[in-house]
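Below you'll find the structure, written out as structure tokens, and then a few comments.
None of the figures in this text is laboratory data; all of them are computed from the coordinates on show. Predicted model only: the values in this text are computed from it and were never measured. With ideal geometry, Cβ positions are generated from the backbone for all residues, glycine too; neighbour counts draw on all protein chains shown.
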Amino acid sequence: MRGVLLFNQDGTIYAGQVHTMPNGEVHTGTAHTAASKRVFYYSDLPPPSRIRALEAMVERHDNPSRTNGSLNN
């Protein structure tokens, strides 16, 4: 999933390690723990969060250094 933008449920960009669950959901961290949270592809975001995601993508485009480091290694 390198280079694919993933988002927190509130529409903010998630930049970090991820793993895919057997049901296809993507979660934070390299392995599942109690602290793992679901992250979303843009198309899977709840509609209100899509506006924030679009704003985050525009802001990232205007300032690529905002996310510091690589996305979703």
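Show the residues, 5+ positions off or on another chain, whose built amide H is closer than 5 Å to the amide H of GLY29.
Amide H neighbours of GLY29, under 5 Å, 5+ apart: GLN17, VAL18, HIS19.
Per the Kirkwood treatment, what hydrodynamic radius in Å, one decimal, follows for segment 7-59 from the mean inverse distance over all distinct Cα pairs? Spell out each step's value before the answer.
Numbers: mean 1/r = 0.0878 Å⁻¹.
That comes to 11.4 Å for segment 7-59.
Using the Karplus curve 6.51 cos²θ - 1.76 cosθ + 1.60 with θ = phi - 60°, work out ³J(HN,Hα) for each residue of segment 18-23 in order, rounded to whole Hz, and write x for Gly and Pro.
Values, residue by residue: 9, 9, 9, 7, x, 7 Hz.
Take peptides 31-42, 49-60 and line them up by average Cβ neighbours within 10 Å, highest first, as a rough protection proxy. Mind showing how you got there, number by number?
Values: 31-42: 12.8, 49-60: 15.2.
Taking the mean over residues of other Cβ atoms within 10 Å, the ranking is 49-60, 31-42.
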